[in-house]
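To keep things clear, I will list the structure first and then write my remarks on it.
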Amino acid sequence: MSSPAVRLAVRRDVPIAVGILALLAVVLSSCGSKTPSSVESPVASQPHARIEFAPGLTEDLYLPEGVSRAPLVVLVPGGGWQTADPSGLAPLAASLADAGIAAAPTHIRAAEDGVVYPVPVEDVLCAVSAAVQGARERGVTPDRVAVLGHSSGAHLAALAVLAAADYAPRCRCPVVTPDALIGLSGPYDISRIPEVAQPLLGDAPDADPEVWASANPLERAHLRPQVPVLLLHGEADLTVPSDFTTQFARVLEDAGHPTTVRLLPDADHQTVYSAAVASGPVAAWLSALPAEPTARPSGQVCR
């Protein structure tokens, strides 16, 4: 791993103090990926297309100019598993497109839509498939496909990438297995915050421990060990402690994943996904990954 910070001994069984769980739930649910006004300027680039990948679910596709092949990243918003508003990820998507990366902030269903796990993860996978097809149709062939998530969206992104084969989404487009994972300030180990994560699962851990285990990225880290992972976390994050990231990084590294961790000085839970903070390291990391052309379906159309 790239940062000495991830060498810290982080115990997986350390719970968050009960007294702050309720506060964390409120903060997480109210801090979806909305544009941090103190950091971002208005989005200069407009998306090339808005794609409906399921009834009522859309993603905006930002494409780089003057290229026929490029990495593609689908961006999954946070919202405490209760909401999922991707509008705040638009500046990051536009900045990534300017850096040569196709990007698609996506709207998925959450607890407020009356769904529970695994539906949000399956929505992520359908968004990936539609973004790949949408980029192809507009002249850009994705040669690396990543999923980036912020906060609870990082947790969902981790499941969609690591355990992709364990889900059976009914997508309009041919299913695509992502090549890489990018997590921004994710609360990955949901066993530490059961009250906060309960809207995703619909029940308490004791009611269905197997489902809770399947929805915990730390329990799925052994899957697809060849998949590279980039984890970013703001050192000034008072919402999700950075040891969620360092803990996940250790488990990933132990499982064999090429894992890069960056703890970002002065970034907090909202600014970590701003274009000013995240675009540079995300674009550089994605651009350095080897292309995976065989992973992209061709000759198939969406329903």
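The values are calculated or read from the model by the stated rules, or taken from the named source; none is laboratory data. Worth saying up front: this structure is predicted, and the values here are computed from it rather than measured. Please note: Cβ atoms are built from the backbone with ideal geometry, for glycine as well, and neighbour counts cover all protein chains shown.
Just one of the numbered conditions (1) over 30 Å from ALA135 (Cα atoms); (2) without any contact (Cβ under 8 Å) to a residue 40 or more places away in the chain is not true of THR239: (2). The residue of the stretch 48-97 that is farthest from LEU200 (Cα to Cα), among those that are assigned to a strand (DSSP E or B) and small (Gly, Ala, Ser), is ALA70.
Output yes when any residue across the stretch 211-234 is among the aromatic types (Phe, Trp, Tyr) and touching a helix residue (DSSP H, G or I) at 6+ places or on another chain (Cβ under 7 Å), and no when none is. Yes, the stretch 211-234 contains at least one residue that is among the aromatic types (Phe, Trp, Tyr) and touching a helix residue (DSSP H, G or I) at 6+ places or on another chain (Cβ under 7 Å).
Taking the stretch 159-173, which residues are surrounded by 21 or more Cβ atoms within 10 Å (Cβ to Cβ) and outside any loop (DSSP other than H, G, I, E, B)? Result: LEU159, ALA160, VAL161, LEU162, ALA164. Considering the stretch 174-198, and only residues there that are within 27 Å of ILE51 (Cβ to Cβ) and over 15 Å from the mean Cα position of the chain (by Cα), the residue that is surrounded by the most Cβ atoms within 10 Å (Cβ to Cβ) turns out to be VAL176. Only one entry of VAL251, VAL240 meets the criterion of being out of contact with any His (no Cβ under 7 Å at 6 or more places or on another chain) and among the aliphatic types (A, V, I, L, M), and that entry is VAL251.
Just for the stretch 98-116: of the residues that are touching a residue at least 24 places away in the same chain (Cβ under 8 Å) and not in a loop (DSSP other than H, G, I, E, B), which one is surrounded by the fewest Cβ atoms within 10 Å (Cβ to Cβ)?
Across the stretch 98-116, the extreme among qualifying residues is GLU112.
There is no residue in the stretch 209-222 that is farther than 23 Å from TYR167 by Cβ, crowded, with 17+ Cβ neighbours inside 10 Å and polar (S, T, N, Q).
Table: residues versus (1) farther than 23 Å from VAL251 by Cα; (2) at pLDDT below 95.
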site: GLU112; (1), (2): yes, no
site: VAL119; (1), (2): yes, no
site: ALA135; (1), (2): yes, no
site: GLY153; (1), (2): no, no
site: ALA157; (1), (2): no, no
site: ALA160; (1), (2): no, no
site: VAL175; (1), (2): yes, yes
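Here ALA291, ALA283, ALA276 are screened, and the one residue that is surrounded by 17 or more Cβ atoms within 10 Å (Cβ to Cβ) and either in a loop (DSSP other than H, G, I, E, B) or touching a residue at least 24 places away in the same chain (Cβ under 8 Å) (or both) is ALA283. Total residues in the stretch 183-201 satisfying the condition of being closer than 16 Å to THR245 by Cβ and either outside any helix (DSSP H, G or I) or without any contact (Cβ under 8 Å) to a residue 24 or more places away in the chain (or both): the figure is 8.
Against the conditions (1) of a type outside the set (Lys, Arg); (2) in contact with a Phe, Trp or Tyr (Cβ under 9 Å, 6 or more places away or on another chain); (3) closer than 24 Å to ALA284 by Cα, VAL227 satisfies every one except (2). In the set ALA164, ALA158, ALA204, only one residue is in contact with a helix residue (DSSP H, G or I) (Cβ under 7 Å, 6 or more places away or on another chain) and free of Cβ contacts under 8 Å to residues at least 24 places away in the same chain; that residue is ALA204. Residue pairs whose Cβ atoms lie under 8 Å apart, separated by 6 or more positions or on different chains, with the first residue in the stretch 135-153 and within 21 Å of PRO86 (Cα to Cα) and the second basic (Lys, Arg), are VAL145/ARG296. The residues in the stretch 132-153 that are in contact with a Pro (Cβ under 8 Å, 6 or more places away or on another chain) and part of a helix (DSSP H, G or I) can be counted, and the count is 6.
So, in the stretch 99-121, exactly how many residues are within 22 Å of ASP143 (Cα to Cα) and in contact with a strand residue (DSSP E or B) (Cβ under 9 Å, 6 or more places away or on another chain)? Matching residues across the stretch 99-121 total 7. Picking from residues in the stretch 206-241 that are among the aliphatic types (A, V, I, L, M) and not in a loop (DSSP other than H, G, I, E, B), the one that is nearest to ALA278 (Cα to Cα) is LEU232.
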